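The values are calculated or read from the model by the stated rules, or taken from the named source; none is laboratory data. Quantities reported herein were computed from a predicted structural model and do not represent experimental measurements. A quick note on method: Cβ atoms are made from the backbone with ideal geometry, for glycine too, and the neighbour counts reach across all protein chains shown. For the accessible areas, the whole protein counts, side chains as well, though only heavy atoms, and no ligand, DNA or RNA atoms are used. Shrake-Rupley method; radii C 1.70, N 1.55, O 1.52, S 1.80 Å.
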Amino acid sequence: MSARQESYADIREAVRRLCSHFPGEYWQGLDQDRAYPKDFVNALTEGGFLSVLIPEEYGGSGLGLQAATAVLEEIHRSGCNGGACHAQMYTMGTVLKHGSKEQKEAYLPKVASGELRLQAFGVTEPSAGTDTTRIRTFAERVGDKYVINGQKIWISRAEHSDLMVLLVRTTPREECAKPSDGLSVLLVDMREAVGRGLTIQPIRTMLNHATTELFFDDLEVPAENLIGEEGKGFRYILSGMNAERILIASECIGDGRFFVDRASAYARDRNVFGRPIGQNQGVQFPIARAHIQVMAASEMVDKAASMFDANVDCGTEANIAKLLASEASWFAADTCIQTHGGFGFAEEYDVERKFRETRLYQVAPISTNLILSHVATHALGLPKSF
């Protein structure tokens, strides 16, 4: 057990106890109906687990990202899924770090108490993908408000969030000195926006992730909802992106441990040809390799989270952690399916559900190839390929 795991043992145990009330049958039922895990999210909120990063003066625990990674890792190791609410941890950082005193006082205490949900992060667009500087959703300042027009895609939890941190252009890209200039962040009250210029369209996918497409048609947002300065929004969301990658990496570690735990237990108990299948090296070696890969990736997640908490630049480390953790969890998932054989595809074992869920993180929130590109150019000094 790493030092981080030991220091948050109480948090981990509390999360495990909470998750024990939400067994596989709960998630299987949600999967069939494509329903949002409202009861699970409410329980996490009431337990204070979604407000660990919010300072105590605003009603949170005032802990660091390392504590948040402990929460999410245990959620996933328990067979649950933090994807329904993890954004509340990293999106609020934009308000905390760059919002005005009035914005912090108005929103953060209500987010901490659960009165408001801040779970939507509006960045990606169909024509831009992960090339964020090419987003086209535009907010025009008109008097004391911004008028927004455009489109976003893969915006998860939009139907289940009261607030959304939205990245828009306020100056056309061609008029900016740098491509990253002219981007601004607005805090959108979804309760007022839906039906008044904002349309939310769900996207059905291979997993129950509550993701959507958003359409903005002259949506009016008060100018006082601008976070920080106009035109400087790109750098405001960068730290949030690093936090997101580290937190999702911790979920992958949890998934990886779930798969190793399940594969090991099944290999010990399943008898074929008069002996446990785990006695066969062809079965035990892949499980051992999966365990090794998860353990190694976990150390990188620990490093990235500790750097983030120390306010040290950790862009490269956050990306590496996300890549290693997502690949380790995917290998463990495939190994677990193979160990279970036909039973691995049966819904009642939960392996196929988690298999689908962990596959997402090879793509989101940033693809493996873009991480490799980042490391090549930022860590190795190689020329950019785009």
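Data for the structure
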| quantity | calculated |
| --- | --- |
| Selection status of residue 303, within 22 Å of the chain's Cα centre (by Cα), at pLDDT 95 or above and open to solvent by 70 Å² or more (accessible area, probe 1.4 Å) | yes |
| Where residue 16 falls short, out of the listed (1) at pLDDT below 95; (2) assigned to a helix (DSSP H, G or I) | (1) |
| Among the residues listed as 62, 99, the single one being among the small types (Gly, Ala, Ser) and either open to solvent by 30 Å² or more (accessible area, probe 1.4 Å) or within 16 Å of the chain's Cα centre (by Cα) (or both) | 62 |
| Residue that is most open to solvent (accessible area, probe 1.4 Å) [pool: residues in region 307-330 that are among the aliphatic types (A, V, I, L, M) and in a helix (DSSP H, G or I)] | 324 |
| Exclusive hit being within 25 Å of residue 380 (Cα to Cα) and part of a helix (DSSP H, G or I), set 304, 263 | 304 |
| Index of the failed condition, residue 132 passing every other in (1) touching a Phe, Trp or Tyr at 6+ places or on another chain (Cβ under 9 Å); (2) modelled with pLDDT of 95 or more; (3) over 17 Å from residue 210 (Cα atoms); (4) buried (at least 18 other Cβ atoms within 10 Å of the Cβ) | (2) |
| Criterion: farther than 15 Å from residue 212 by Cβ, free of Cβ contacts under 8 Å to residues at least 12 places away in the same chain and either in contact with a Ser or Thr (Cβ under 8 Å, 6 or more places away or on another chain) or of a type in the set (S, T, N, Q) (or both) - qualifying residue of 184, 127 | 127 |
| Cβ-Cβ under 6 Å pairs, at least 6 apart or on other chains, region 238-256 side of a type in the set (Asp, Glu), far side not in a helix (DSSP H, G or I) | 244/365 |
| Residue within region 55-63 that is without any contact (Cβ under 8 Å) to a residue 24 or more places away in the chain, part of a helix (DSSP H, G or I) and at negative phi present | yes |
| Residue 94, sole failed condition from (1) at pLDDT 95 or above; (2) surrounded by 15 or more Cβ atoms within 10 Å (Cβ to Cβ); (3) assigned to a helix (DSSP H, G or I); (4) out of contact with any Cys (no Cβ under 8 Å at 6 or more places or on another chain) | (1) |
| Residues within region 187-233 that are outside any strand (DSSP E or B), open to solvent by 60 Å² or more (accessible area, probe 1.4 Å) and under 19 Å from residue 34 (Cβ atoms), tallied | 2 |
